[in-house]
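A quick write-up on the structure given underneath.
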Amino acid sequence: MANHKSSLKRIRETESRRLRNRYYEKTARNAVRNLRKLTDKAEAAAALVKVTAMLDRLASKKTISKNKASNLKSKLAHHVNKLAA
């Protein structure tokens, strides 16, 4: 167990950040999954904007890496573009 006040605080901060990151990452994964299920192009295009913003936000806060966000956005845009109009 930690002995210093600062290390006890660090433990509390780390745990709360871990839980917050987990929640946002899981939410983003569900959003990506739901977007991949969509078959209507207009609906998917509208959802793509929201998912892209979500992934950018996670990448800027270093919850996920910027390369992972970029790869996901690219694949999702490709999926939306392939959908029949």
Return one number: the angle in degrees, 0 to 90 and rounded to the nearest 10, between the long axis of the Cα atoms of helix 66-82 and the longest principal axis of the Cα atoms of the chain.
-> 20 degrees
Give a quick list of trypsin sites (Lys or Arg not before Pro) in the chain that DSSP marks as loop, anything other than H, G, I, E or B, with at most 12 other Cβ atoms within 10 Å.
-> K61, K62
Roughly speaking, what is the stretch gain from A53 to H78, that is 0.36 nm per residue apart minus the C-alpha to C-alpha distance, in nm to one decimal?
-> 7.3 nm
Relative contact order, percent, of the chain when contacts are C-alpha pairs under 8 Å separated by at least 6 residues?
-> 32 percent
What is the list of residues in segment 54-75 whose amide nitrogen lies under 12 Å from a point 7 angstrom out from the Cα of R22, following Cα to Cβ?
-> none
Under the Karplus relation 6.51 cos²θ - 1.76 cosθ + 1.60, θ = phi - 60°, what is the ordered set of whole-Hz ³J(HN,Hα) values for segment 24-39, x standing for Gly and Pro?
-> 5, 5, 5, 4, 5, 4, 5, 5, 5, 4, 5, 5, 5, 7, 5, 10
Roughly what angle does helix 41-60 make with the longest principal axis of the chain, taking Cα atoms, 0 to 90 degrees, to the nearest 10?
-> 20 degrees
For segment 12-73, please report how many Lys pairs fall under 23 Å Cα to Cα, leaving out neighbours fewer than 8 apart on the same chain.
-> 19
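Here, each number is a calculation from the coordinates, and none is a lab measurement. As the structure is a computational prediction, the values presented were derived from the model and not from experiment. Glycine gets a Cβ as well: all are built from the backbone with ideal geometry, and neighbour counts include every protein chain shown.
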